[in-house]
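Everything on this sheet refers to the single structure shown next.
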Amino acid sequence: MAEERPITEQDVFIKARLMSEGVRIKDVQMPSMEELTRATAALPERLDYDDVEGIWRTYAQTASLWERTSRQAAGLKFHFDGCGIKVMVMPNEYSRLQLTRQGDRVTVTDGDEILVTGYVPASLSWAEGSLSNGLPMRTFLPVVSAEIVTVAFSLSCANYVSGKDACRYCNLFANPLSKRMLKLPDHVLRSWASYQAEALKVAVDAGWRGMISLSAGALPPADRHLYLERMEIVLSEVRAALGDEAYQQQKIFFNYYPPEDFAEMHRWKALGVTGTSIDLEVMDPKYFAAICPGKNSYKPHAYWMEAQEASVEVFGPYLNTTGCLVVGIEPMEALVEGVEERISKGVMPFPLTYYSAPGSAYWGFRPPNADWFVEASRRIADSFVKSPGFLQCLAQSAGGSLVGDGAALSKHSNAMTLVFDEVLRRFQQMFAPAAPLSDVA
């Protein structure tokens with residue numbers, strides 16, 4: 001469905017309300033972690049690494065169960081009618097907002113008032129198929145959208161498994177089987193990588209042209225030095241499946257811990273990596289230590305920022321050097337000041353709005369209110385639009401100029417962020433065609 005009008009301030013505020021308050025969705029209830037635990041109690045304590053296909057069958061079963069649970073908790077992604085803003089709404093049985101869905105049509109009401117209408121985008125048909133081993137493609141590409149596919153070189157996170165070291169908002173490795181997959185032997189990882197590569201080839205052959213996020217959960221401290229070897233295993237399988245020409249056309253972003261030696265980034269580049277997403281999560285070093293204790297015990301917040309600056313030197317600024325932030329879990333002043341400082345160094349922070357994720361330590365915590373999110377997004381947007389370097393990068397990605405429809409930026413829009421919707425709104429306003437004199441009179 002085509003975008004018919006520019007984004008308005010009211011659109012941004014409505015999205016903020018949806019993300020802050022959640023919605024009541026008919027026939028959707030928040031999942032019970034106890035139910036998930038009972039359903040997976042029969043999982044083997046130890047995996048039989050001599051039966052690799054058996055591991056994937058078991059993983060597919062638990063991944064399917066966890067995906068259904070997560071989908072319920074994550075609610076629904078839809079696009080606003082008219083302006084095309086994307087939003088992910090979370091179910092909240094106590095919200096005053098009610099979501100009704102009929103087919104691909106969505107209506108959100110506040111009492112008797114229609115707050116917004118929209119549509120659910122068509123699913124990616126190629127992602128619903130099976131691979132050569134008969135298992136669902138989504139088993140091996142668990143994070144997939146038109147914009148991004150995650151290719152993993154570790155299926156567990158030592159921080160999450162430890163409990164005490166986990167990032168407090170994170171549930172990415174809450175699949176119960178992941179706790180038993182802390183360190184996969186190389187032959188098992190190669191098998192996993194081959195199926196990921198097979199699935200990725202299906203996507204590319206179907207015309208998918210998004211970004212590949214080369215990612216992983218934290219390896220155990222004693223094995224952390226093996227990360228490069230393991231990413232090489234995965235990328236070699238991807239290259240073999242796609243072929244050299246198609247492989248060289250991919251946008252591959254490294255999304256993991258910064259290395260002990262920044263010079264290793266040149267090795268990443270030689271392997272085909274085109275950019276980085278080294279995630280700071282928060283901008284206040286004290287909150288980093290409290291919210292991401294495992295990351296902080298590896299290296300302090302300042303080191304992660306130095307790694308981003310090293311990435312600017314190797315891969316280039318802004319669109320090639322990013323890093324996610326979780327907006328809504330630290331004081332606004334630290335967040336806003338930190339983002340401005342990062343932009344001044346050529347880093348493009350990617351602010352994702354906090355939501356309460358099942359299986360995380362913060363499960364049940366509510367986000368800030370809509371006014372807080374809107375103010376934070378406006379102040380962060382100020383830093384982006386006044387940065388000549390950022391605007392120049394956008395212009396280059398758009399073929400030399402910024403155009404009124406904001407095409408260079410709209411592809412970086414995300415259902416979990418407000419900031420780029422606000423930046424795009426301003427661009428649309430700046431580049432809007434002048435009204436005819438008859439309309440002005």
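Observations, loosely collected:
- With respect to (1) under 15 Å from residue 52 (Cα atoms); (2) in a helix (DSSP H, G or I), the lone exception for residue 183 is condition (2).
- Number of positions in segment 329-355 that are open to solvent by 20 Å² or more (accessible area, probe 1.4 Å), of a type outside the set (Lys, Arg) and not in a helix (DSSP H, G or I): 5
- Of all residues in segment 154-175, those that are within 13 Å of residue 359 (Cα to Cα) and among the polar types (S, T, N, Q) have Cβ atoms under 7 Å from Cβ atoms of residues that are outside any loop (DSSP other than H, G, I, E, B) and at pLDDT below 95, 6 or more apart or on another chain, in 175/62; 175/63; 175/66.
- Candidates in segment 113-142 are the residues that are farther than 18 Å from residue 56 by Cβ and at pLDDT 95 or above; of these, the one that is least open to solvent (accessible area, probe 1.4 Å) is 118.
- Test: residue in segment 279-297 that is charged (D, E, K, R), outside any helix (DSSP H, G or I), out of contact with any helix residue (DSSP H, G or I) (no Cβ under 9 Å at 6 or more places or on another chain) and surrounded by fewer than 20 Cβ atoms within 10 Å (Cβ to Cβ): no
- Some residue of segment 205-216 being part of a helix (DSSP H, G or I), surrounded by fewer than 19 Cβ atoms within 10 Å (Cβ to Cβ) and modelled with pLDDT of 95 or more: yes
- In segment 315-328 there is at least one residue that is modelled with pLDDT of 95 or more, over 24 Å from residue 378 (Cβ atoms) and assigned to a helix (DSSP H, G or I).
- As a summary of the residue check, residue 390 satisfies the conditions (1) hydrophobic (A, V, I, L, M, F, W, C); (2) in a helix (DSSP H, G or I); (3) at pLDDT below 75 except for the one numbered (3).
- Annotation note: Cβ proximity below 9 Å between a residue of segment 259-273 that is part of a loop (DSSP other than H, G, I, E, B) and of a type in the set (Phe, Trp, Tyr) and a residue that is open to solvent by 40 Å² or more (accessible area, probe 1.4 Å) and at pLDDT below 95 (sequence gap 6+ or interchain) occurs for no pair.
- Test result for residue 244, open to solvent by 20 Å² or more (accessible area, probe 1.4 Å) and farther than 23 Å from residue 167 by Cβ: yes
- With respect to (1) open to solvent by less than 60 Å² (accessible area, probe 1.4 Å); (2) of a type in the set (A, V, I, L, M); (3) part of a loop (DSSP other than H, G, I, E, B); (4) within 30 Å of residue 249 (Cβ to Cβ), the lone exception for residue 172 is condition (1).
- Screening the candidates 263, 241, 270 for the property of being among the aliphatic types (A, V, I, L, M), touching a Lys or Arg at 6+ places or on another chain (Cβ under 6 Å) and over 24 Å from residue 326 (Cβ atoms) yields one hit, 241.
- Which listed residue, of 234, 161, is at pLDDT below 95, closer than 20 Å to residue 257 by Cβ and of a type in the set (Val, Ile, Thr): 161
Per-residue answers, yes or no, for (1) at pLDDT 90 or above; (2) of a type in the set (Lys, Arg); (3) assigned to a loop (DSSP other than H, G, I, E, B); (4) in contact with a helix residue (DSSP H, G or I) (Cβ under 6 Å, 6 or more places away or on another chain):
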{"position": "45", "(1), (2), (3), (4)": "no, no, yes, no"}
{"position": "62", "(1), (2), (3), (4)": "no, no, no, yes"}
{"position": "72", "(1), (2), (3), (4)": "no, no, no, no"}
{"position": "78", "(1), (2), (3), (4)": "yes, no, no, no"}
{"position": "83", "(1), (2), (3), (4)": "yes, no, yes, yes"}
{"position": "100", "(1), (2), (3), (4)": "yes, no, no, no"}
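- Considering residues of segment 1-24 that are modelled with pLDDT under 85 and of a type in the set (A, V, I, L, M) only, the residue most open to solvent (accessible area, probe 1.4 Å): 1
The values are calculated or read from the model by the stated rules, or taken from the named source; none is laboratory data. Everything quoted here is computed from the prediction, not taken from an experiment. Note that we place each Cβ from the backbone using ideal geometry, even for glycine, and neighbour counts take in every protein chain shown. SASA here: full protein model, heavy atoms, side chains in, ligands and nucleic acids out. Shrake-Rupley method; radii C 1.70, N 1.55, O 1.52, S 1.80 Å.
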